Each structure stands twice: as structure tokens, then as C-alpha cells.
1. Identify, please: which residue in the range 145-190 is small (G, A, S) and in contact (Cβ under 8 Å) with a residue 24 or more places away in the chain and is, among those, surrounded by the fewest Cβ atoms within 10 Å (Cβ to Cβ)?
2. Any residue in the range 232-250 that is at positive phi sitting within a Cβ distance under 8 Å of a residue that is surrounded by fewer than 16 Cβ atoms within 10 Å (Cβ to Cβ)? List the pairs, counting only those 6 or more apart or interchain.
3. Please state which one of A196, A235 is farther than 30 Å from W87 by Cβ and in a loop (DSSP other than H, G, I, E, B).
4. Among the candidates F156, F188, single out the residue that is of a type in the set (F, W, Y) and assigned to a strand (DSSP E or B).
5. Can you find even one residue in the range 165-181 that is touching a Phe, Trp or Tyr at 6+ places or on another chain (Cβ under 6 Å) and within 30 Å of T297 (Cβ to Cβ)?
6. For the range 282-295, state whether one or more residues are crowded, with 21+ Cβ neighbours inside 10 Å, assigned by TED's automatic domain parsing to the domain that holds A174 and more than 20 Å from the chain's Cα centre (by Cα).
7. Go through (1) in contact (Cβ under 8 Å) with a residue 12 or more places away in the chain; (2) of a type outside the set (D, E); (3) over 22 Å from V327 (Cβ atoms) for L68 and report which single condition fails.
8. Does E209 satisfy the condition of being more than 30 Å from T8 (Cα to Cα), without any contact (Cβ under 8 Å) to a residue 12 or more places away in the chain and touching a helix residue (DSSP H, G or I) at 6+ places or on another chain (Cβ under 9 Å)?
Amino acid sequence: MPEALDSTPYDALLLLSFGGPEGPDDVVPFLENVTKGRGIPKERLKEVGQHYFLFGGVSPINDQNRALLDALRKDFADHGLDLPVYWGNRNWAPYLTDTLRELVRDGHRRILTLATSAYASYSGCRQYRENLADSLAALEAEGLELPRIDKLRHYFNHPGFVRPMIDGVLQSLAQLPEDVRESAQLAFTTHSIPTAAADTSGTVEEHGEGGAYVAQHLDVARLIADAVAEETGVADRPWQLVYQSRSGAPHIPWLEPDICDHLEERHEAGAAAVVMVPIGFVSDHMEVLYDLDTEATAKAAELGLPVARSATVGADPRFAAAIRDLVQERARAERGEDVSPCFLGALGPSHDLCPVGCCPARTPKPAAAGVDSPYA
């Protein structure tokens, strides 16, 4: 038996994710949850939902979260970490409030949260913290004893997140025709967000053009590009950070260039091939499946440009091991012990507690698991 690992003071881990429909009848109600409060007509949501209907109305994200849950539970058991793992979503079952209610009724009072977003941004961090505060308020209204909830730090530069993506690029290069393999370029993709949200991502000190959101993605892209150059022996392989999945009003500036525009530009510049590397996504959910595997791949075929798409981290055992490491790191810090955070790149480890002004909300709302939490 492995030596038992100590997660004290934490008694549970909560996997917190976006959620997705699991059948055609779920698509519009799911999108109503996602766009709640925006007054978008149902007919418009049906149009937006066509991406899901192309795949039978099923988003792969829930099954991918189930696979990650299995990987985490196996890793924890194999390494003597007695920490139960629960799962709650923002927009679909299992809903976050229901899961927190279950955690409380199971007797858990100190909960660590793992969000399926590795980077700093409003939608990738602060909004999840707002969701936690909303759910805690609902439990408080029911008269339940509230747990204390903390959130694991951003893990974009943890080796267990980066190394699987390096291997994914190497595998994708090997899938390309041999005559274009060495000259293939890399397009690191992530979700586009409004430039105003990017500029205010991260701590107040990190605010500025692109904020922490762009800086963190660039750091990961450099790590992967440098490792691929070393392991393939191909130096100076061109690469660029590009964006996908824009969904906002046309008059609002969002991060660019879009992946399809980038493929056109690379083709015109004479690129022999491109590997699309979705570093901004933990798993191969709908935005990877449609925006890259369907839309961008079709654009490349139209151009006659060879492309490959590398894998996301998903339920890779090295990622599960990284989460175990982050749990232990945070538990040691909470116990007042010395901690040596594990990270790669130039930016260092992210903060444990989001400070005031970090990834500010569009409209101020309470947010849990931060310095300004009303539920400390």
C-alpha cells in the first residue's frame, strides 16, 4: 500500500466545469442557461445550437469530465490520497448547487475546487468564483451549514499540463506527410475573449494590453515550441498564438487573429503545413470538435493546406498527477508548511487566493474562494 498522503485541512475536491447537453432535447435549455439574462430569443438559440445538432445534440465535455474524474480517483487511490472527488457544472447537470448540497450533507466542510480552465480570465476564473458564491447563498437560504471553499491555483504552467501537450504536437507532426513535416508551422489556439476582458485579466499589477490571459498563453506556447524544437531538431519553426470560438457582437473588439484567418494568411505566405495546438482547452469539447476539427479543418482543405490538430490534455495520467501535486501543495500551505510550487516557464506559480481587482466582473458580484469572498 502507498504511504498515505495528507490533504488536511481539505476533506473533498470539487471538479467544477462548464457542462454541456447530452441529447438533442437538451441543446436549447442548455443554451438558455448559458445566455441567461441576455434576452436571446429561442429561435436564435436554435440557430446557435446547430453546432451541437451536427453531433447529435451531444457535447463531449461531460463524458470527458467523467473520464477525468476516473483518472483523478485512480491517481489519488494509487498514491494514498484519501480525498473524495465530486463534480458540479455551471450550465448543466450535475449542477453546482446540487453538488455542493450533496457535499454538505456528506459532511464535508473544507473543499478544494479544480476548475476546468487553466488560465486567468473573467470567464475562466472569476465567473466560476461567482457561481460558487451564488450556490453558497442558495445553501445559506436553505439553512445548511456552509463549507469553506478554496480554489486551486492556475495550472497553465505545471509540467503535468504542459508535457502532454508537447507530446501531442510531436504526434501530430508525425501524422503529417513526410515532405512537409520539418517545415510545418504551429498555431497555438485558445478561446477569443473581448480585448477589454483580456486587458483586465489577472491581478491589478498584470493588467495592461492582453493582461495575464495573453501572457500566460504566450508563456505556454513558448515552452511547447522550445521543447518541440529540441526534440525534433528543427530550430526556428514559426509559431503564433491565435484565437477561436468568438461569440460576441461584431462591434466589440475581441482577441485576434481567428484561426481560419490565420490559416489563410499562412497559406498565402507559402506555409507548407500547420499543426493546430489547442493550448487553451483542457479537453476536446465542442469548441475543439467544431471550431478546429470541423470549421478550421474544412478551411485548410479548401486552401489545400495540410493541417493536423494535436490533442488536449484531457484525462492524461500526468495531468491527474499534477492535480494531486497541486492539492498537496495547497494543503501544505494551509497547514503553514514550506511549499516549493512546481512550474515551468518565466511567469512563476500563480497565486493561491485571487486578490481584489483580479479579473474584475462586468457588473460587481460576490465571488467565493478569493480575498474578497463573503464566505471566508
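1. So in the range 145-190, the residues small (G, A, S) come out as 160, 168, 172, 174, 183-184, 187.
Then drop every residue that is not in contact (Cβ under 8 Å) with a residue 24 or more places away in the chain, which leaves 160, 168, 172, 183-184, 187.
Details: G160: 20, G168: 23, S172: 22, S183: 14, A184: 23, A187: 26.
Among residues in the range 145-190 that are small (G, A, S) and in contact (Cβ under 8 Å) with a residue 24 or more places away in the chain, the one surrounded by the fewest Cβ atoms within 10 Å (Cβ to Cβ) is S183.
2. As it stands, the answer is D236/A229, since those pairs meet every condition given.
3. Details: A196 fails: in a loop (DSSP other than H, G, I, E, B).
Only one candidate qualifies: A235.
4. F188
5. The initial filter retains those residues of the range 165-181 that are touching a Phe, Trp or Tyr at 6+ places or on another chain (Cβ under 6 Å), namely none.
Scanning the range 165-181, I find no residue that is touching a Phe, Trp or Tyr at 6+ places or on another chain (Cβ under 6 Å) and within 30 Å of T297 (Cβ to Cβ), so the answer is no.
6. Checking the range 282-295: not a single residue is crowded, with 21+ Cβ neighbours inside 10 Å, assigned by TED's automatic domain parsing to the domain that holds A174 and more than 20 Å from the chain's Cα centre (by Cα).
7. (3)
8. Details: more than 30 Å from T8 (Cα to Cα): yes; without any contact (Cβ under 8 Å) to a residue 12 or more places away in the chain: yes; touching a helix residue (DSSP H, G or I) at 6+ places or on another chain (Cβ under 9 Å): yes.
Yes: the conditions hold for E209.
The values are calculated or read from the model by the stated rules, or taken from the named source; none is laboratory data. Just so you know, these numbers come straight off a predicted model, no measurement behind them. Positions of Cβ are backbone-derived with ideal geometry, glycine not excepted, and every protein chain shown enters the neighbour counts.
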